[in-house]
Amino acid sequence: MSYLQISQLTSGYGKQVILRDIDLSVNKGEMLALLGPSGCGKTTLLNTLCGFIPTLSGEVSVAGRNITLLPAEQRNITMVFQSYALWPHLTVAQNIGFGLKVRKVSKAESQRRIMDLLAMVNLEGMADKNVAALSGGQRQRVALARALAIEPDVLVLDEPLSNLDAKVRLSVRHEIKTLQEKLGFTSLIVTHDQEEALVMADRIAVMNQGTIEQLDTPENVYQHPATAFVADFMGADNRLVWLSAQLPDCIRPQPESWESEIYFRSTDVAITREHTEHASPGLRLHGVVEQSAFLGHNYRHGVRVNNQMLFADAPNCWAQQTPVTLHIPAPALHIFARAM
Ligand SMILES: Nc1ncnc2c1ncn2[C@@H]1O[C@H](COP(=O)(O)OP(=O)(O)OP(=O)(O)O)[C@@H](O)[C@H]1O
């Protein structure tokens, strides 16, 4: 059995059901990311896990202890919030030690833990600073140290990086991941950001409308999306709907359906001169370049194929109105039988 086990969980607000029959297991020391569009229920899942909103049905257990009906303060699950939620009138050390004081941990032990954590989150020498005088990145480090101080069974991070600017975000995300690997804490992190989830998580749960569409490693979620929704959400920015019978044998889905939805990324498309042959199996499409935009590391082209605009990246800029052949290798095609 996994360390954190969520079974058949249903929850919501009043009579409004948001999460339906969620099954999720997290191993000890694992970081699992909940990824999904706004409103899919990520925060609701964290709030249910923490005991902030009641479970309507199902079970939650940590290390074999059934915590489904326990109040928040008896669960030993701590949340790090997007907005830091620090005590503005307290110093860095007082904020980090707050939970220890509540739990009546001795002064000496508290002091030792606070000093250790300050070093771990790179805030040495800042113990006596007022948190109001800190930058956003430093405040989030204090919030992380405060959460870890009480040695929670599960650490829950709700969009911890989204208030930080792009550069600080990269360094804090790296620090959280390094700390997680070093200390081996079990955690769930909520994010909108696909790249953040891929970089930080050991596994990713992609959520859609209160359910989990796929729970898998970052590589599998990215390279082998289980559903059209996951393919689309993970950045497969081209979509075609074809009669399955028109697909080359090598990529026709099994069992065969009447129509197929085909997803692929613009970064996986090769643009070549018109009617170029390609040895590798895949999909070959003929079209005309209509747009191009410089992205910095390459150019993104809009290519009209049978009245549909597809996107294709290339290191060089193809002139508008150039007839081209697009080749998408078979492994880059994500093909799903289309529901009728
Ligand atoms: N306190 C509440 N009372 C009633 N409904 C709520 C409440 N909080 C959230 N909801 C609804 O629950 C659904 C899921 O919201 P939730 O905040 O869990 O989504 P999310 O995936 O975390 O979204 P975001 O990424 O925007 O934070 C939404 O339809 C939302 O309107």
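The values are calculated or read from the model by the stated rules, or taken from the named source; none is laboratory data. Note that the structure is predicted; figures quoted are calculated from it, not measured. Cβ coordinates were reconstructed from backbone atoms using ideal geometry, including for glycine residues, and neighbour counts include every protein chain displayed.
Miscellaneous remarks
- Some residue of the stretch 133-155 being surrounded by fewer than 18 Cβ atoms within 10 Å (Cβ to Cβ), among the hydroxyl-bearing types (Ser, Thr, Tyr), part of a helix (DSSP H, G or I) and within 27 Å of the chain's Cα centre (by Cα): no
- Pick from the stretch 156-191, criterion surrounded by fewer than 19 Cβ atoms within 10 Å (Cβ to Cβ) and among the small types (Gly, Ala, Ser), ranking: farthest from the ligand (Cβ to nearest atom): Gly184
- Restricting the stretch 302-340 to residues that are hydrophobic (A, V, I, L, M, F, W, C) and touching a helix residue (DSSP H, G or I) at 6+ places or on another chain (Cβ under 7 Å), the residue that is surrounded by the most Cβ atoms within 10 Å (Cβ to Cβ) is Ala312.
- Taking the conditions (1) closer than 12 Å to Phe336 by Cα; (2) assigned to a helix (DSSP H, G or I) in turn, Glu261 satisfies each one other than (2).
- Hits in the stretch 74-113 (condition: over 17 Å from Leu148 (Cβ atoms) and in contact with a Ser or Thr (Cβ under 7 Å, 6 or more places away or on another chain)): Gln82
- Filtering the stretch 187-209 to residues that are in a strand (DSSP E or B) and of a type outside the set (S, T, N, Q) leaves Leu188, Ile189, Val190, Arg203, Ile204, Ala205, Val206, Met207.
- Of all residue pairs spaced 6 or more apart or on separate chains, those with beta-carbon atoms under 6 Å, a first member in the stretch 183-198 that is over 15 Å from Val221 (Cβ atoms) and a second member that is within 13 Å of the ligand (Cβ to nearest atom) and outside any helix (DSSP H, G or I) are Leu188/Val156; Val190/Leu34; Val190/Asp158; Val190/Glu159.
- Scanning the stretch 265-306 for residues that are farther than 26 Å from Cys250 by Cβ, of a type outside the set (A, V, I, L, M, F, W, C) and not in a strand (DSSP E or B) yields Gly296, His297, Asn298.
- When the strands (runs of 3 or more DSSP E) confined to the stretch 1-95 are screened for residues that are within 16 Å of the ligand (Cβ to nearest atom) and touching a residue at least 60 places away in the same chain (Cβ under 8 Å), those reaching at least 3 such residues are found at 16-26, 31-35.
- Qualifying positions in the stretch 69-85 - surrounded by 18 or more Cβ atoms within 10 Å (Cβ to Cβ) and either in contact with a Phe, Trp or Tyr (Cβ under 9 Å, 6 or more places away or on another chain) or modelled with pLDDT of 90 or more (or both): Arg75, Ile77, Thr78, Met79
- Taken as a whole, the structure places Ala143 among residues that are assigned by the TED database to the domain that holds Leu179, of a type in the set (A, V, I, L, M, F, W, C) and closer than 25 Å to Arg75 by Cβ.
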